[in-house]
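A short write-up of the structure that comes next.
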Amino acid sequence: MSEEPEPAAGTLRAEVREWLRAHVPAGPQPSVDTAEGFEWHRAWEREMAAARLSVISWPADYGGRGATLLEWLAFEDEYYAASAPVRVSQNGIFLLGPTLLGHGTSEQRARLLPPMARADEIWAQAWSEPDAGSDLAAIRSRAERADGGWLLSGTKTWSSRAAFADRAFGLFRSDARAEKHRGLTYLMFDLRAPGVTVRPIAQLDGEPGFAEIFLDEVFVPDADVIGEPGDGWRIAMSTAGHERGLSLRSPGRFTAAAERLAGLWRRTTGPAGSPGTAGAAGTAEAMGAAGSTAADRVADAWIAARAYRLHTYATAARLAAGGTLGAEASLGKVFWSELDVALHETALDLLGPQAEIPGLDGPDGRWLDGYLFALAGPIYAGTNEIQRTVIAERLLGLPR
Ligand SMILES: Cc1cc2nc3c(=O)[nH]c(=O)nc-3n(C[C@H](O)[C@H](O)[C@H](O)COP(=O)(O)OP(=O)(O)OC[C@H]3O[C@@H](n4cnc5c(N)ncnc54)[C@H](O)[C@@H]3O)c2cc1C
């Protein structure tokens, strides 16, 4: 949009756009949730790393370019606009990486960040447990003291792509007598270490995008503890801030999807509202629950994506001026996850029955897959019910 200020990053933006134009594979991309698709995406990450584009906001020593937050947002705009592949490294580069930059030792950063940037080591997040999801502090997996390190035992679940990943980071109870939020330690472990069993779980689309991780006295050296033993909760909250906040779901993802939605609407209905050749736009199916027309719903999604973009740039400017991102991250998380569901629902309604036939859902494809994944948005990164509680208590100051 020409009337919106283009963020800084002119030369980087131009380089990224050109590089993506030359490198993003034409044609369909395999799912990241299968063994072959996972390796396909690893190869893509390596190609980006070779161009020093995999982690542009990290310091150069670790494979980055020291890009500013605004430059990174520009990169993300270009990335999604080019329909570039899903970031298979996302748990590492967007969650663990920033956590190590903030809380790790220089030895950990030098040892772990470069292979993460090159996708030589792809990381899974091992936080949730069968009886600890929203109430993360209820975790029961244990870390027991051993000579030179710790022995991990217990069960983790819903770990995205852990069936194929190399290593994982998680919280473990290291002091059973301490109060629930204390006595937790943040540790990293090898998913192929002796004592680790990984069992894939099929997701809604049938692919093994999750896994359970069973740990039976898995040895982890002291060097793989992040921060101090017992300080895991505080560090985990910093990881969660990255997950809900700027890094995991940048606005480029939604502005690009909203542009594609507008394109789909033009093809199926046309700006004049005349019925097109495909889809159900203009019919009852394309009406929202409140009776709004397809055009209104497309416009709402488009405006919401731009609003999220502006909100994110405002946050980035505040952070650049030395501010911090605290409970406000929950606002963004609720907003993008609900926007994503509404946007994909609108696309499916525009397509009508064709939405269910792969390849017939238009040149952008994958609306149905996108919808199924969007449904998970209100659940992962902390459910929206929990985020609303955070907003009520910590931002609005309502009683507990
Ligand atoms: C696509 C996807 C990817 C994921 N990837 C990972 C991953 O890589 N690693 C990982 O560790 N986990 C992952 N998760 C798990 C995710 O973090 C949990 O599903 C989430 O934290 C909720 O926990 P739960 O499933 O145990 O549900 P529960 O905590 O049992 O919640 C069930 C329902 O009750 C509601 N509820 C619970 N407590 C409250 C409360 N106090 N007030 C109001 N409502 C409440 C919840 O909002 C929810 O609707 C992923 C989940 C999804 C869907």
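The values are calculated or read from the model by the stated rules, or taken from the named source; none is laboratory data. Keep in mind the model is a prediction, meaning the values are calculated, not measured. A quick note on method: Cβ atoms are made from the backbone with ideal geometry, for glycine too, and the neighbour counts reach across all protein chains shown.
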Quiz prompt | Flag for Gly104 being surrounded by fewer than 20 Cβ atoms within 10 Å (Cβ to Cβ) and out of contact with any Lys or Arg (no Cβ under 6 Å at 6 or more places or on another chain) | solution = no
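Quick check on Leu339: is it out of contact with any Pro (no Cβ under 9 Å at 6 or more places or on another chain), at pLDDT 95 or above and either away from the ligand (no atom under 16 Å from the Cβ) or among the basic types (Lys, Arg) (or both)?
Values: out of contact with any Pro (no Cβ under 9 Å at 6 or more places or on another chain): yes; at pLDDT 95 or above: yes; either away from the ligand (no atom under 16 Å from the Cβ) or among the basic types (Lys, Arg) (or both): yes.
When the stated conditions are applied, Leu339 passes them.
From the list Ser128, Ser159, Ser134, exactly one residue is surrounded by 19 or more Cβ atoms within 10 Å (Cβ to Cβ), over 20 Å from Pro229 (Cβ atoms), among the hydroxyl-bearing types (Ser, Thr, Tyr) and out of contact with any Leu (no Cβ under 8 Å at 6 or more places or on another chain). Which is it?
On the way: Ser128 fails: out of contact with any Leu (no Cβ under 8 Å at 6 or more places or on another chain); Ser134 fails: surrounded by 19 or more Cβ atoms within 10 Å (Cβ to Cβ).
Going through Ser128, Ser159, Ser134 in turn, the sole match is Ser159.
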Quiz item: Within the set of pairs 6 or more residues apart or between chains, which connect a residue that is more than 13 Å from Glu243 (Cβ to Cβ) and of a type in the set (A, V, I, L, M) inside segment 382-399 to a residue that is near the ligand (Cβ under 7 Å from one of its atoms) and modelled with pLDDT under 95 with Cβ atoms less than 6 Å apart?
Solution: none
Quiz item: Inside segment 196-227, can you point out the residues that are more than 12 Å from the ligand (Cβ to nearest atom) and either in a helix (DSSP H, G or I) or touching a helix residue (DSSP H, G or I) at 6+ places or on another chain (Cβ under 9 Å) (or both)?
Solution: Pro208, Asp222, Ala223, Asp224, Val225, Ile226, Gly227
Self-check item: Count - residues of segment 183-218 that are within 18 Å of Ile122 (Cα to Cα) and of a type in the set (D, E, K, R)
Solution: 4
Exercise. Give the residues of segment 149-175 that are near the ligand (Cβ under 10 Å from one of its atoms) and free of Cβ contacts under 8 Å to residues at least 40 places away in the same chain, sorted by residue number.
Key: none
Quiz item: What's the number of the condition Ala321 fails, among (1) within 16 Å of the ligand (Cβ to nearest atom); (2) modelled with pLDDT under 95; (3) closer than 26 Å to Ser238 by Cβ?
Solution: (1)
